[in-house]
Amino acid sequence: MFRFSLRFWILNGNIRGERRAVNKPENRAGWVLTGGRSSRMGTDKALISLDGRPLALRVADAVAGFCGVVSLVGDPARYAALGLPVIPDTFPGQGPLAGIEAALGATAADWNLVVACDMPALGSGIVGRLFESDGDCVLPQYEDGRVEPLCAVYHRRCHTGIRAALEAGVRKVTDALRRLESDGFAIRYLRVENEAPFANLNTPDEMQRYLNG
């Protein structure tokens, strides 16, 4: 019993110590996932102009106030003109989990906010709350239990587990997170009541509704 309690105290102390350090933007990185075929939109979502600014950069702007650096994950030849660092997927064509793996494999920061490029309503309030929460991975959870893994903070130590999941054929982010949790990683859920900040723009109709307010 004493041995277990001591181990728990040490682990808890480590997480809290790292969270104190995470308050410094230089220990954070932001990653915007530009991948995906955008088949329902009919054109590359990341490059769609919204109020005169590409959608990927609109999302990057929401992230930039909390992170030392913001980068894109996608095809460097396609997105370099946006003016941000761009890294390619290590597992091309394997979905958003591959984008998360690429980000965590390339990062120099301990704490990494990974977001999809099609969340223009994402605001600073939710980003700040994600960074303030304890855990190896922190992601929003709606009242009905659904989660939003494409607007989440991942510690870079999650990289090996996510890569192992991809190599095992896992493609759903939530399935990879369950594997991480079973391996002892601390997965934390931040309860949110409003889904609007995470609304994805997948079709021209959804884009028009967003523009019409």
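The values are calculated or read from the model by the stated rules, or taken from the named source; none is laboratory data. Every value quoted in this text rests on a predicted model; they were computed, and no experiment measured them. Cβ atoms come from the backbone with ideal geometry, glycine included; neighbour counts cover every protein chain shown.
Screening the range 67-165 for helices (runs of 4 or more DSSP H) wholly inside it with 3 or more residues that are over 15 Å from the mean Cα position of the chain (by Cα) returns the ranges 76-79.
In this structure, is Leu201 assigned to a loop (DSSP other than H, G, I, E, B), buried (at least 18 other Cβ atoms within 10 Å of the Cβ), in contact with a helix residue (DSSP H, G or I) (Cβ under 8 Å, 6 or more places away or on another chain) and hydrophobic (A, V, I, L, M, F, W, C)? Yes, satisfied. Is it the case that the range 58-65 has a residue that's assigned to a loop (DSSP other than H, G, I, E, B), surrounded by fewer than 23 Cβ atoms within 10 Å (Cβ to Cβ) and acidic (Asp, Glu)? Among the residues of the range 58-65, not one is assigned to a loop (DSSP other than H, G, I, E, B), surrounded by fewer than 23 Cβ atoms within 10 Å (Cβ to Cβ) and acidic (Asp, Glu), which makes the answer no. Residues that are within 19 Å of the chain's Cα centre (by Cα), in a helix (DSSP H, G or I) and at pLDDT below 75 within the range 19-57 comprise Arg19, Val22, listed in sequence order. Of all residues in the range 78-104, those being among the small types (Gly, Ala, Ser) and exposed (fewer than 15 other Cβ atoms within 10 Å of the Cβ) number 4. Taken together, the residues in the range 88-124 that are without any contact (Cβ under 8 Å) to a residue 12 or more places away in the chain and out of contact with any helix residue (DSSP H, G or I) (no Cβ under 8 Å at 6 or more places or on another chain) amount to 1. Screening Leu57, Leu104 for residues that are among the aliphatic types (A, V, I, L, M) and in contact with a His (Cβ under 6 Å, 6 or more places away or on another chain) leaves exactly one candidate, Leu104.
Residues in the range 166-193 that are out of contact with any Ser or Thr (no Cβ under 9 Å at 6 or more places or on another chain) and assigned to a helix (DSSP H, G or I): 11 in all. Only a single criterion out of (1) buried (at least 21 other Cβ atoms within 10 Å of the Cβ); (2) in contact with a Cys (Cβ under 9 Å, 6 or more places away or on another chain) is not satisfied by Glu181, namely (1).
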